[in-house]
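Down below is the structure, laid out as structure tokens.
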Amino acid sequence: MSESPVPNSNNKTRVFEGMLFAVNEEIGPNLRINASPLNDREAIAAVIQGMTAVGFGEGRVKGLFGPLPVPYNSLYRTIVYVFTVEAPRSQDPKTREYGRFCALFMVFRREMIRFISNSYRMIESMLNMYKDTYLKHEKDLKPESLQIIYDEIISNLKYHLQTRIFRIENGLTTEFEERTIILGGEAIVIINEEERILYYYQSPEISKEDKKKALKSIERINRIEYQDSLESKKLATKETLLQKLQEYDIKIIEE
């Protein structure tokens, strides 16, 4: 098993944390490159799981799939790009005829799922561009070639950490853009992605039942959008809420 260095970056907006590369050989899936934070046990399990999920038949599908969980490591997820390369020197006649089945896994932290999902088609389009160059012949599948692909995708995908603002009213969750908010409803939510904190405020005037419903909506934002990775902090008073809005330069719009 060979390794290639993961790009060293302190950029907090980096989308991917590394890559795995595997091929389907006569003996089954073989992990050739682990350039990721995953240890070998986690990486091998992720490769077997991912390649098994997309299948090994002659009519197997190609393209981008996932996100997929990483066995033994709940902090990370993967997306997998599956493709075939020409392999005329293979001992297997089917491989010579249909090509060598390969899988390039991009590893990312679970809280990046929302951004990955929104950028899915863009990522797949970028990977498709390499099918006639680095991803065409088996002899071209070198660590340095795959590193070039990884680095170019990283350089083209930038996620900017945001401050997001929501209002929950009558069971509906509304996200406000341009750092603005209309006060009211059952709850106001402020998410600071850089600090990984979800602040929320609930008016003391609403009923206990409405508070419970709003809390479920708040929990849903954290679970679905951020995989429960945010720390929740309650803003106890309206004054505290107004101070936090001012701190993040969020403008209040009058209804």
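Looking at the chain, the DSSP beta bridges with both ends there are about 85 percent antiparallel. Between N30 and I224, take the C-beta separation as r, use R0 = 25 Å, and let me know the FRET efficiency to the nearest 0.05. Rounded to the nearest 0.05, the efficiency is 0.10. Computed from point charges on the beta carbon alone (+1 for Lys and Arg, -1 for Asp and Glu), the dipole magnitude for segment 70-218 about its Cα centre is near 460 Debye. Can you grab the distance from the C-alpha centre of segment 143-168 to the C-alpha centre of segment 207-255, Å, no decimals? Comparing the Cα centres of segment 143-168 and segment 207-255, I get a distance of 27 Å. For the chain, the dipole from Cβ point charges (+1 on Lys and Arg, -1 on Asp and Glu) about the Cα centre works out to 360 debye, to the nearest 20. Largest GNM mean-square fluctuation across S207, S125, S232, computed for the chain with C-alpha springs under 10 Å, falls on S207. For the chain, averaging the sequence separation of C-alpha pairs within contact (under 8 Å, six or more residues apart) and dividing by the residue count gives a relative contact order of 15 percent.
For the chain, build the charge dipole from Cβ charges (+1 Lys, Arg; -1 Asp, Glu) around the Cα centre, then report which of Q202, I188, I48 sits farthest towards its positive end. Most positive-ward Cα: I48.
Rounded to the nearest 10 degrees, the inclination of helix 238-247 to the longest alpha-carbon principal axis of the chain is 50 degrees.
Amide H to amide H, with H built 1.01 Å from N, E169 comes under 5 Å of T174, E186, counting only residues 5 or more places away or on other chains. Placing +1 on the Cβ of each Lys and Arg and -1 on the Cβ of each Asp and Glu in the chain, which of N128, A87, I116 has its Cα farthest towards the positive end of the resulting dipole? Going by the charge dipole, the pick is A87.
For the options Q147, Q243, Q227, a Gaussian network treatment of the chain with springs between C-alpha atoms closer than 10 Å singles out Q243 as fluctuating the most. Computed about its Cα centre, the charge dipole of segment 18-156 is approximately 260 debye, with only Lys, Arg, Asp and Glu carrying charge at their Cβ.
Each reported figure results from applying straightforward, stated rules to the coordinates on display, with no laboratory input. Everything numeric in this text was worked out from a predicted model, so none of it was measured. Every residue, glycine as well, gets a Cβ built from its backbone with ideal geometry; the counts of neighbours run over all protein chains shown.
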